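The values are calculated or read from the model by the stated rules, or taken from the named source; none is laboratory data. This structure is a prediction, so every number in the text was calculated from the model and none was measured. Here the Cβ positions follow ideal geometry from the backbone for every residue, glycine too, while neighbour counts run over all protein chains shown. Protein only, heavy atoms only, side chains kept; ligands, DNA and RNA dropped before computing areas. Shrake-Rupley method; radii C 1.70, N 1.55, O 1.52, S 1.80 Å.
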Amino acid sequence: MHYADSVAGPIKVASAQGQYIFDSDGNRYLDCVNNVCHVGHCHPRVVQAAAQQLAMINTNSRYMHDNVVRLAQRLADSMPGPLEVCIFVNSGSEANDLALRLARNYGQRDVYCVDQAYHGHTAATLAISPYSKYGPVDLPSDTVKLMLPDHYRLGVSAERMTELCVAEFEWLLSSRETPPAAFIVESLICCGGQVVLPPGYLRQMHALVRQHGGLAIADEVQVGFGRVGDHMWGFEAHDATPDIVTLGKPFGNGFPLSAVVTTRAVADASRDVEYFNTFGGNPVACAVGLEVMQVIADEGLRENARDTGRYTRTLVANLAAKHASIGDVRGMGLLFGCEFVIDRSTREPNARLADHCMQWMRAERQVLVSTDGPHRNVIKMKPPLCFTPENGETLAAAIDDALTAYASGIDYSRR
Ligand SMILES: Cc1ncc(COP(=O)(O)O)c(C=O)c1O
């Protein structure tokens with residue numbers, strides 16, 4: 001049986017609450033993939049903060065407002081010492097674009113990125129985004145692509161993966177005539193397939209780029225604000241401190257708000273260049289950002305990401321005993337992926353099964369996940385942080401039933 005024709009297009013959304021989305025026909029979906037509505041869709045405190053500020057004043061960033069200062073202070077307080085200068089923008093792409101400008105103003109030109117990375121849709125950020133879904137991109141000569149540290153796919157240990165990546169980076173840095181401006185990587189690689197950085201990788205890569213006069217940029221656009229559970233910021237899990245951090249998606253809980261956080265030294269190198277951004281850091285955006293950060297603290301959402309994330313990942317990982325098509329389950333906190341293979345011994349990717357799961361779970365269980373990774377054979381899960389253990393059970397049961405359906409010949413994939 002092939003149900004491809006019955007699979008609907010994008011959901012026409014009407015409203016949402018917490019971890020649930022309602023479509024225009026009144027159907028309720030468990031949202032397991034929305035890392036924008038971080039503290040829960042339409043969180044009442046965030047809605048109120050935005051409405052109150054909108055009724056008071058909202059204007060462009062040519063004016064000073066307490067909210068900007070308060071939010072910058074709050075962000076700086078949440079990060080390691082040297083990261084103390086904040087610049088507010090409206091999207092992750094703008095944040096990474098500005099990070100590149102800061103890094104290049106600091107001195108050099110070449111930017112090292114990781115294969116399958118996605119850092120944004122502007123010309124400058126696409127130029128460091130070898131992610132095949134939005135490509136093909138001909139990377140310019142001042143972008144250098146490094147291997148994706150995906151030890152599962154390469155069939156090596158995590159420790160060996162680190163050695164290989166560090167050796168490659170060392171070799172490229174010493175063989176190129178031009179020095180690096182920066183090395184940029186997500187603290188957990190999302191578009192590349194929810195790849196957890198192997199132990200020691202981030203610290204050693206940061207050390208290498210600095211030895212050659214470049215800066216370390218951590219893209220926390222997807223992973224920041226407590227999603228990884230044990231820490232507020234993903235790079236903290238690796239005992240590494242970048243020179244520039246970029247933030248986005250979850251910051252405004254759906255309201256456009258992003259930021260670049262950096263050191264005084266890096267900011268000072270760009271002092272002569274005026275940066276103007278009409279909407280960046282407007283009073284409403286900053287009111288929202290402040291409330292989002294307060295809600296994360298008040299509701300223990302980082303701790304919930306840690307505990308409910310661990311519980312849910314275990315439930316999904318346990319399905320591997322029953323379904324040989326599950327090759328790997330990996331992630332941190334409430335950010336994880338389940339990789340499907342045709343054969344566990346060869347790890348041949350099964351993109352068709354990943355697509356089937358996504359479609360079947362939506363149609364038959366009203367559970368929303370998405371697919372990703374270079375081979376599109378990983379289903380990714382990154383729900384709002386108010387996700388409950390019961391939601392985790394619903395998610396795992398839906399994956400289980402989708403795989404059982406596929407094994408019995410039912411195929412919802414559009415491939
Ligand atoms: C890791 C990462 N960086 C940057 C961006 C760009 O963010 P935006 O779409 O807000 O411009 C994205 C968007 O998906 C992303 O996943």
- Task: Can you give me the number of residues within the stretch 386-415 that are in the same structural domain as Gln359 (by TED's automatic domain parsing), crowded, with 21+ Cβ neighbours inside 10 Å and not in a helix (DSSP H, G or I)?
- Result: 2
- Any chance the stretch 179-189 includes a residue that's buried (at least 24 other Cβ atoms within 10 Å of the Cβ), within 16 Å of the ligand (Cβ to nearest atom) and not in a strand (DSSP E or B)? yes
- Hey, does the stretch 153-165 have a residue that's within 13 Å of the ligand (Cβ to nearest atom) and of a type outside the set (Gly, Ala, Ser)? no
- Checked against (1) farther than 13 Å from Val111 by Cα; (2) without any contact (Cβ under 8 Å) to a residue 40 or more places away in the chain, Ser141 satisfies every condition except (1)
- Top-ranked residue of the stretch 18-41 - restricted to ones that are crowded, with 17+ Cβ neighbours inside 10 Å and polar (S, T, N, Q), ranked as nearest to Gly229 (Cα to Cα): Asn35
- Item | Selected residue (criterion: surrounded by the most Cβ atoms within 10 Å (Cβ to Cβ)) from residues of the stretch 194-223 that are within 16 Å of the ligand (Cβ to nearest atom) and either among the β-branched types (Val, Ile, Thr) or modelled with pLDDT under 95 (or both) | Ile217
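Considering only the stretch 224-251, how many residues are among the basic types (Lys, Arg) and away from the ligand (no atom under 13 Å from the Cβ)?
The initial filter retains those residues of the stretch 224-251 that are among the basic types (Lys, Arg), namely 227, 249.
The next check asks that each one be away from the ligand (no atom under 13 Å from the Cβ); those that pass are none.
So the answer is 0.
Rundown of residues vs (1) open to solvent by 10 Å² or more (accessible area, probe 1.4 Å); (2) of a type in the set (Phe, Trp, Tyr), yes/no style:
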residue: Phe340; (1), (2): no, yes
residue: Arg344; (1), (2): yes, no
residue: Glu348; (1), (2): yes, no
residue: Arg352; (1), (2): yes, no
residue: Asp355; (1), (2): no, no
- Query: Ala267: over 22 Å from the mean Cα position of the chain (by Cα) and farther than 25 Å from Leu100 by Cβ, yes or no?
  - Reply: no
- Message: If the requirement is being more than 9 Å from the ligand (Cβ to nearest atom), surrounded by fewer than 19 Cβ atoms within 10 Å (Cβ to Cβ) and either at pLDDT 95 or above or within 17 Å of Ile189 (Cβ to Cβ) (or both), which of these qualifies: Arg101, Arg109?
- Response: Arg101
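What's the total number of residues in the stretch 252-267 that are within 16 Å of the ligand (Cβ to nearest atom) and within 14 Å of Gly81 (Cβ to Cβ)?
Residues of the stretch 252-267 that are within 16 Å of the ligand (Cβ to nearest atom), as a first pass: 252-261.
Applying the additional criterion that residues be within 14 Å of Gly81 (Cβ to Cβ) yields 261.
So the count comes out to 1.
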- Query: Of the numbered conditions (1) over 17 Å from Leu188 (Cα atoms); (2) more than 14 Å from the ligand (Cβ to nearest atom); (3) in contact (Cβ under 8 Å) with a residue 24 or more places away in the chain, Thr122 satisfies every one except a single condition; which is it?
  - Reply: (2)
- So which strands (runs of 3 or more DSSP E) stay within the stretch 7-111 end to end and still have 3 or more residues that are closer than 27 Å to Thr125 by Cβ, in contact with a Gly (Cβ under 9 Å, 6 or more places away or on another chain) and not assigned by TED's automatic domain parsing to the domain that holds Ile379? 85-89
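Taking Ala72, is it in contact (Cβ under 8 Å) with a residue 40 or more places away in the chain, touching a strand residue (DSSP E or B) at 6+ places or on another chain (Cβ under 9 Å) and closer than 18 Å to Met232 by Cβ? Steps first, answer last, please.
Values: in contact (Cβ under 8 Å) with a residue 40 or more places away in the chain: no; touching a strand residue (DSSP E or B) at 6+ places or on another chain (Cβ under 9 Å): yes; closer than 18 Å to Met232 by Cβ: yes.
Spelling it out, it is not the case that Ala72 is in contact (Cβ under 8 Å) with a residue 40 or more places away in the chain, touching a strand residue (DSSP E or B) at 6+ places or on another chain (Cβ under 9 Å) and closer than 18 Å to Met232 by Cβ.
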- Item | Residue, surrounded by the fewest Cβ atoms within 10 Å (Cβ to Cβ), within the stretch 140-173, restricted to residues that are modelled with pLDDT of 95 or more and among the hydroxyl-bearing types (Ser, Thr, Tyr) | Ser157
- Task: Kindly indicate whether Ala287 is open to solvent by 10 Å² or more (accessible area, probe 1.4 Å) and not in a loop (DSSP other than H, G, I, E, B).
- Result: yes
- Item | Near pairs, Cβ below 7 angstrom, 6+ apart or cross-chain, from the stretch 243-268 (open to solvent by less than 10 Å² (accessible area, probe 1.4 Å) and outside any strand (DSSP E or B)) to any residue that is away from the ligand (no atom under 12 Å from the Cβ) and of a type in the set (S, T, N, Q) | none
- Message: Looking only at residues that are in contact with a helix residue (DSSP H, G or I) (Cβ under 7 Å, 6 or more places away or on another chain) and of a type in the set (D, E, K, R) in the stretch 63-98, which one is surrounded by the most Cβ atoms within 10 Å (Cβ to Cβ)?
- Response: Asp97
- Being closer than 17 Å to Ala405 by Cα and hydroxyl-bearing (Ser, Thr, Tyr) is the filter here, so list the residues in the stretch 295-354 that pass it. Ser325
- Considering the stretch 317-350 alone, what residues qualify as being within 12 Å of Val378 (Cβ to Cβ), in a strand (DSSP E or B) and not hydrophobic (A, V, I, L, M, F, W, C)? Gly327, Asp328, Arg330, Gly331, Gly337, Glu339, Pro349
